[in-house]
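Below is one structure, written out as structure tokens; the observations come after it.
The values are calculated or read from the model by the stated rules, or taken from the named source; none is laboratory data. No experiment lies behind these values; they were computed from the predicted model shown. Counting neighbours? That spans all protein chains shown, and the Cβs are built from the backbone with ideal geometry, glycine included. Note: accessible area is taken over every heavy atom of the protein model, side chains too, but ligands, DNA and RNA are not part of it. Shrake-Rupley method; radii C 1.70, N 1.55, O 1.52, S 1.80 Å.
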Amino acid sequence: MSPSATDDISALQAALGIPAGYAASRGLTAQSPPPFWIEAGLDRGGRPIWLEHEASCAFLRLTQSAARDGITIIVVSAYRSYLHQARLIQRQLERGVPLEVILARIAPPGYSEHHTGRALDLSSAEETEPLTESFEKTLLFDWLSQCASPFGFRLSYPRGNPQGFIYEPWHWAYA
Ligand SMILES: [Zn+2]
């Protein structure tokens, strides 16, 4: 990570009231952006999504295989910049959500797997409320649990994960 990126992260964290050393105290790993991104389709709102090159190829193979089984994958979120991450946290703070509650759901800027362009938040057409535990009850979740691993994708935050994040059945990353 370049010194400027580190400064960037420190400044963004300070602006959100995240204490220096917070990520280290929780054992979170710093996550860096890829050298370049590939546009890899559209999210559920019709906006382009971006992935790191290898992850993008693997995700294409994953979606094609799912389609052959009659399963459609909807992307809620893929690559996110440090600033985008900070804005997500800021929005929750403005709604009055306590910082520690937010940080169990959203990693501090600089520590989200979404920065790497290798993580995706997924949803399914049958879901009424994406990014909730209800995703676990979808056909897509069943399919991913059985079929995602040979494509290189894994569930990052199962129940009781050591990073202290809530259970996120919707968040899959290319390792
Ligand atoms: Zn995610």
Checklist outcome for this item: Relative contact order of the stretch 105-166 (C-alpha contacts under 8 Å, at least 6 apart) in percent is 23
Checklist entry - Ranked highest first by average number of other Cβ atoms within 10 Å, how do 69-78, 160-169, 92-101 line up? => result 69-78, 160-169, 92-101
Checklist entry - Which percent of the accessible area of the stretch 67-175 is formed by carbon and sulfur heavy atoms (probe 1.4 angstrom)? => result 52
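Suppose all protein chains stay in the model; what accessible area per residue would a 1.4 Å probe give for the chain, in Å²? Intermediate values should be presented prior to the final figure.
Values: 9010 Å² over 175 residues.
Ligands and nucleic acids excluded, the result is 52 Å² per residue.
What per residue convex hull volume, in Å³, comes out for the stretch 40-175 when only alpha-carbon positions are used?
In the stretch 40-175, the Cα hull volume divided by residue count equals 112 Å³.
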Checklist outcome for this item: If each part is reduced to its alpha-carbon centroid, the stretch 139-175 and the stretch 76-138 end up apart, in Å, by 14
Next on the checklist: Can you compute 3J(HN,Hα) from phi for each residue in the stretch 142-149, using the Karplus curve 6.51 cos²θ - 1.76 cosθ + 1.60 with θ = phi - 60°, rounded to whole Hz and x for Gly and Pro?
Outcome noted: 4, 4, 4, 4, 8, 10, 6, 4
Item to check | Label-point gap, in nm, between A15 and L60 - each point 7 angstrom along Cα→Cβ | outcome: 3.5
Next on the checklist: For the chain, set up a GNM with springs between Cα atoms under 10 Å and report which of A107, A11, A24 has the largest fluctuation.
Outcome noted: A24
Item to check | Extension gain (nm, one decimal) between R26 and L42, 0.36 nm per residue minus Cα-Cα | outcome: 2.4 nm
Checklist entry - How would you order 13-20, 149-156, 112-119 from highest to lowest mean count of nearby Cβ atoms within 10 Å? => result 112-119, 149-156, 13-20
